[in-house]
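The values are calculated or read from the model by the stated rules, or taken from the named source; none is laboratory data. Treat the numbers as computed from the prediction; the structure is a model and nothing was measured. Virtual Cβ from ideal backbone geometry, glycine too; neighbours counted across all protein chains shown. Just the protein is used for accessible areas: all its heavy atoms, side chains included, with ligands, DNA and RNA removed. Shrake-Rupley method; radii C 1.70, N 1.55, O 1.52, S 1.80 Å.
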Amino acid sequence: MPNLIRDRKLVDDDTWTHLDDEQPVPASGDVTVSWQRWQAEADTLRNRDGRLGVRLDGDVPVEELAGLTELPLIALHFPAFKDGRCYSHARLLRSRHGYAGEIRAIGDVLRDQLAYMERCGINAFEIREDRSADEALQAFDEFSVDYQGRSERPFPLRLRRS
Amino acid sequence: MYQYDQYDQQLVDQRVAQYRDQTRRYLAGELSEDEFRPLRLQNGLYIQRHAPMLRVSIPYGLLSSAQLRVLAHIARTYDKGYGHFTTRQNIQYNWPPLETVPDILADLATVEMHAIQTSGNCIRNVTSDQFAGIAEDEVEDPRPYCELIRQWATLHPEFAYLPRKFKIAVTGSERDRAATQVHDIGLQLQRTADGELGFRVLVGGGLGRTPIIGEVVREFLPERELLGYLEAILRVYNLLGRRDNMYKARIKILVKAMGIDAFASAVEKEWQHTRQDPALQLEDADIAGFKKHFPAPAYRTDVDTAGADRLLAGNADFQRWYRRNTVSHQQPGYRAVVVSLKAKDRAPGDATDAQMEAVAELAERYSFGEARVTHQQNLVLADVAIDTLEALWHELDQHGLATPNVGTLSDMICCPGLDFCSLANAGSIDIAADINQRFDDLDYIYDLGELRVNLSGCMNGCGHHTVGHIGILGVDKKGEEFYQITLGGSSSNDATLGDRLGPAVSKDRVVDTMESIIHAYTDLREGEESFLETYRRVGMKPFKERAYA
Ligand code: SF4
């Protein structure tokens, strides 16, 4: 069973590989690298055959997001599901920087946080290996209303109904 | 008060269904303890010393009679027949079995209530002044803004996993009855010289292990900018607040570490963006729409305003109660009545199911079907015509709800302590009972004037001991219950943290020590000086000498 959800669907043909900092960069194929590696090796990483994404965690200052909008994929790492910093990164990427690529949650990604993540603009989720992504899909339908708005429904209730 | 529309109702109904499924998955072993913990906390459920504890949200302390009846029903059906009102205007039940919580939440949803975000590392229930809308010193009614904040904060997707809990309080009066200076964010409604309405914004106050008085982050925030500015503060905190040490994770630690100026400029910078966000902008029409939810009730115009004067000439018991437990009102002929939950023989802030039913009914008959919860752990019937006060007093008295002690030594703030709370070092309810037993002469208590005695069972400070005129904190000394006493604290406009009296005293010495302190005060006071004023004038030394003599 795949453990990736993208746009509320299970994905079993994901082309992306997450490269460790020690792993050599393959000449082709879609890879993500850490923020540190991306900064150190940006030029060489660009000159290859295949797409490039970058993995961020909550330590990366949000001021850096503006320089990432050309990338096709930004992965946000949740070291523990209780670390909520990257919700802000996701929200700013979508709302302030107009980022239209894939934002993928990785790490301790569990069903009960998906709806919040999605409302912040994350559209792909690598569900933790020991959990069923299929079951996690149910998380998206738990609420049909909210007060803050989200991408497809930009205005909060309070304005829509007055 | 605010009435749900179909969207609000849908949201709480869906929340119940979601939590029912989460509980099912937990009981089936599909969710680990660690994974379930924040989910149950954000629905108000703690695991306590004897059983789970459920904290139900009472937004800014407002309750309808129908809601009170459901709170009574929950106490009766799922608990042991009582509930505990808290300093943050919520109610806690100490014994509900974990499996029944989804049913309790479903019952709450039938009367537009929930337990969303009453604990956990998220934005908690917004609190306010129990005299909102009726206080004579009011600049503006804070309730519409509280409701705006409630909606903004409810299931906010970005701020559900903050570094630590986050509490907001709003006051609209000159006199701060909402303890805004000891909240993560305190909002004080202000009007400028040319009539513009807005908020003074304080940040980084709080009690607990590191008590700190909040600092002003913005002197004046126009009202329509409220949500954008709150969002900016929360975002800065979410990103920069410490997550490596739960004792250093509150926003107050971040503000101290950065310094208020650097923190303020980080917020201002973020706000330059958030204030452009159409989802956060408030139009005049939005604010007006929220204000419509809080109309003045249909006050009678035929109230005999001299009615109370006549009574005061007569019954002495009524007089005492009138003086202590009723409060002046914007509307001529009306007073607000504080329903004391500080009867001698009950834990401070506790009410039985029968008492809640009684208040529900009395609210219907005397006060337009609404009641309020106070920061001081009492209830309020806010709109009582003075020619009905005596009848109300009789009825309250029958239910043990007319103890004439509001604002006095026996109107203590007290946390659940060792009897219920798994974090406690020492008992607090039993100390309150001992104090009540020793100081049982009402006339003596009245003579002491305004005196706030606050008790916490551990340094987390749920009983606000640091801001009590006299604060009593339970500590553990080699497995024994000891108590650290502080003097001179206040959470009002002149907010101050209390100073330590000296070494902690053993349990059997607490009340004697209190008595020595009180005697020192009555000896030292000049004229009509209050305890706090005397303390501020003479300092700790004379109190200390007497206490440890
Ligand atoms: S102050 Fe301590 S003992 Fe009292 S309720 Fe809070 S955590 Fe429990």
Checklist line | Candidates per trypsin sites (Lys or Arg not before Pro) in segment B:192-297, loop by DSSP, up to 14 other Cβ within 10 Å | finding: B:209, B:292
Item checked: Percent accessible area from carbon and sulfur atoms, the protein assembly as shown, protein chains only, probe 1.4 Å -> 48
Next item on the list: Enter the accessible area per residue of segment B:1-120 (Å², integer; probe 1.4 Å; all protein chains in place).
Entry: 32
Margin query: Can you give me the long-range amide H partners of residue A:75? Hydrogens built in the peptide plane at 1.01 Å from N, cutoff under 5 Å, separation of 5 or more residues or another chain.
Written below: A:54, A:55, A:56, A:104
Next item on the list: Work out from phi, with θ = phi - 60° and the Karplus expression 6.51 cos²θ - 1.76 cosθ + 1.60, the ³J(HN,Hα) of each residue of segment A:92-109, listed in order in whole Hz, and give x for Gly and Pro.
Entry: 5, 4, 6, 8, 8, 9, x, 5, 10, x, 7, 10, 10, 7, 10, x, 7, 9
Checklist line | chain A, Cα convex hull volume normalised per residue, Å³ | finding: 120
Check: Using only Cα atoms, what Kirkwood radius does the protein assembly as shown have, in angstroms?
Finding: 27.1
Next item on the list: Using the charge dipole of segment A:4-160 (Lys, Arg: +1 at Cβ; Asp, Glu: -1 at Cβ; taken about the Cα centre), state which of A:95, A:136, A:110 has its Cα farthest towards the positive end.
Entry: A:95
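Do the sum for the protein assembly as shown: with -39,500 (n - 2.57) for every DSSP H run of n ≥ 4, divided by all residues, what is the mean residue ellipticity at 222 nm, to the nearest 500 deg cm²/dmol? List each step's numbers first, then the result.
Working: 23 runs with 238 residues, N = 711.
After summing the helix terms and dividing by the residues of the protein assembly as shown, the value is -10000 deg cm²/dmol.
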Notebook entry, point to check: Which of the cysteines in chain B are isolated, no other cysteine C-beta under 4.7 Å?
Noted result: B:122, B:146, B:414, B:421, B:458
Check: Tell me, how many Å apart are the Cα centres for segment B:1-50 and for segment B:210-285?
Finding: 28
Note to self: Along the Cα→Cβ direction, 7 angstrom out, place labels at residue A:15 and residue B:32. What is the inter-label distance in nm?
What the structure shows: 3.5
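Tell me, what is the percent relative contact order of segment B:322-420, built from C-alpha pairs under 8 Å that lie six or more residues apart? Please report the intermediate quantities before stating the final value.
Numbers: 145 pairs, mean separation 35.2, N = 99.
Once normalised by length, the contact order is 36 percent.
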Check: What is the Cα centroid distance between segment B:394-429 and segment B:304-349, reported in whole angstrom?
Finding: 19
Margin query: Defining a contact as two alpha carbons under 8 Å apart and six or more residues distant in sequence, what relative contact order in percent does chain A show?
Written below: 20
Check: Between residue B:31 and residues 5 or more places away or on another chain, which pairs have amide H atoms under 5 Å apart, with H built 1.01 Å from N, and which residues are they?
Finding: B:26
Notebook entry, point to check: Given the protein assembly as shown, what percent of its DSSP beta bridges are antiparallel, to the nearest 5?
Noted result: 65
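Rounding to the nearest 20 debye, state how big the charge dipole of the protein assembly as shown is about its Cα centre with +1 on each Lys and Arg Cβ and -1 on each Asp and Glu Cβ. Mind showing how you got there, number by number?
Numbers: 83 positive and 108 negative charges, 164 e Å.
So the dipole magnitude of the protein assembly as shown works out to roughly 780 debye.
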Notebook entry, point to check: Hey, can you list the residues from segment B:1-28 whose accessible area shrinks by 50 Å² or more with all protein chains present, relative to the chain by itself (probe 1.4 Å, no ligands or nucleic acids)?
Noted result: B:7, B:11, B:14, B:18, B:25
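Mind running the shape call on segment B:413-547? Use the C-alpha gyration tensor, a ≥ b ≥ c as the square roots of the eigenvalues: rounded below 1.5 for a/c, prolate if a/b tops b/c, oblate otherwise.
Taking the square roots of the gyration eigenvalues as a ≥ b ≥ c, segment B:413-547 is prolate.
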Notebook entry, point to check: Got a sec? Charge dipole of segment B:305-398, +1 on Cβ for Lys and Arg, -1 for Asp and Glu; which of B:385, B:398, B:314 is way out at the positive end?
Noted result: B:314
Check: What does the charge dipole of segment B:1-147 about its Cα centre add up to, to the nearest 20 debye, if the Cβ of each Lys and Arg holds +1 and the Cβ of each Asp and Glu holds -1?
Finding: 720
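For segment B:74-116, which trypsin sites (Lys or Arg not before Pro) are in a loop by DSSP, counting at most 14 other Cβ atoms within 10 Å? Can you show the working numbers first?
Working: sites: B:76, B:80, B:88; in loops: B:80, B:88.
Here the sparse-neighbourhood loop sites are B:80.
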Next item on the list: Work out the length of the dipole vector of chain B about its Cα centre, built from +1 on the beta-carbon of each Lys and Arg and -1 on the beta-carbon of each Asp and Glu, and round it to the nearest 20 debye.
Entry: 1800
Item checked: Extended-chain gain in nm, criterion 0.36 nm per residue less alpha-carbon gap, residue B:506 and residue B:330 -> 58.7 nm
Next item on the list: Compute for chains A and B the buried accessible surface, both sides summed, probe 1.4 Å, and express it in Å² to the nearest 100.
Entry: 3800
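Roughly how many Å² is the accessible area per residue of segment A:1-122, as a whole number, for a 1.4 Å probe? It would help to have the intermediate numbers written out before the result.
Numbers: 5380 Å² over 122 residues.
Ligands and nucleic acids excluded, the figure is 44 Å² per residue.
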Item checked: Exceeding the 18 Å Cα-Cα cut-off - candidates A:82/B:165; B:477/B:544; B:342/B:507 -> B:477/B:544; B:342/B:507
Next item on the list: Find how much the distance from residue B:398 to residue B:423 grows on full extension, using 0.36 nm per residue of separation minus their present alpha carbon separation; answer in nm with one decimal.
Entry: 5.4 nm
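Can you give the FRET efficiency to the nearest 0.05 for residue B:265 and residue B:317, using r as the Cβ-Cβ distance and R₀ = 45 Å?
On the way: r = 58 Å, r/R0 = 1.29.
Computed FRET efficiency for residue B:265 and residue B:317: 0.20.
Work out which GluC sites (Glu not before Pro) in chain B are exposed loop sites (DSSP not H, G, I, E or B, at most 16 other Cβ within 10 Å) and give the longest gap free of them. Present the calculation step by step, with values, prior to reporting the outcome.
On the way: sites that count: B:30, B:136, B:174, B:196, B:283, B:450, B:526, B:528, B:529.
With a cap of 16 other Cβ atoms within 10 Å, the longest stretch comes to B:284-449.
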Checklist line | Shielded by partner chains, segment B:160-174 residues - at least 10 Å² of accessible area, 1.4 Å probe, vs chain alone | finding: B:160, B:161
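Can you give me the relative contact order of chain B as a percent, contacts being Cα pairs under 8 Å and 6 or more apart?
Numbers: 1160 pairs, mean separation 67.7, N = 549.
It comes to 12 percent, rounded to a whole number.
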Notebook entry, point to check: So, in Å, what gap is there between the alpha-carbon centers of segment B:434-453 and segment A:1-59?
Noted result: 70
Notebook entry, point to check: Put +1 on the Cβ of every Lys and Arg and -1 on every Asp and Glu Cβ in the protein assembly as shown; which of B:188, B:469, A:34 then has its Cα farthest towards the positive end of the dipole?
Noted result: A:34
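Given axes a ≥ b ≥ c from the Cα gyration tensor, I'd like to know whether chain B is rounded (a/c under 1.5), prolate (a/b larger than b/c) or oblate.
Taking the square roots of the gyration eigenvalues as a ≥ b ≥ c, chain B is rounded.
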Check: What average number of partner chain Cβ atoms lie no more than 10 Å from the Cβ of the residues making up A:86-93?
Finding: 5
Note to self: Give me a comma-separated list of calculated 3J(HN,Hα) values for segment A:112-123, in order, Karplus coefficients 6.51, -1.76, 1.60 applied at θ = phi - 60°, integers in Hz, x for any Gly or Pro.
What the structure shows: 6, 10, 4, 5, 4, 4, 5, 5, 8, x, 6, 10
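Over segment B:305-398, average the accessible area per residue using a 1.4 Å probe and give it in Å², no decimals. The partial results should precede the final answer.
On the way: 3400 Å² over 94 residues.
Heavy-atom SASA per residue in segment B:305-398 reads 36 Å².
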Next item on the list: Set the Förster radius R0 to 30 Å, insert the Cβ-Cβ distance between residue B:291 and residue B:533 as r into 1/(1 + (r/R0)^6), and round the FRET efficiency to 0.05.
Entry: 0.20
Check: If you count the DSSP beta bridges with both ends in segment A:4-160, what percent of them are antiparallel, to the nearest 5?
Finding: 25
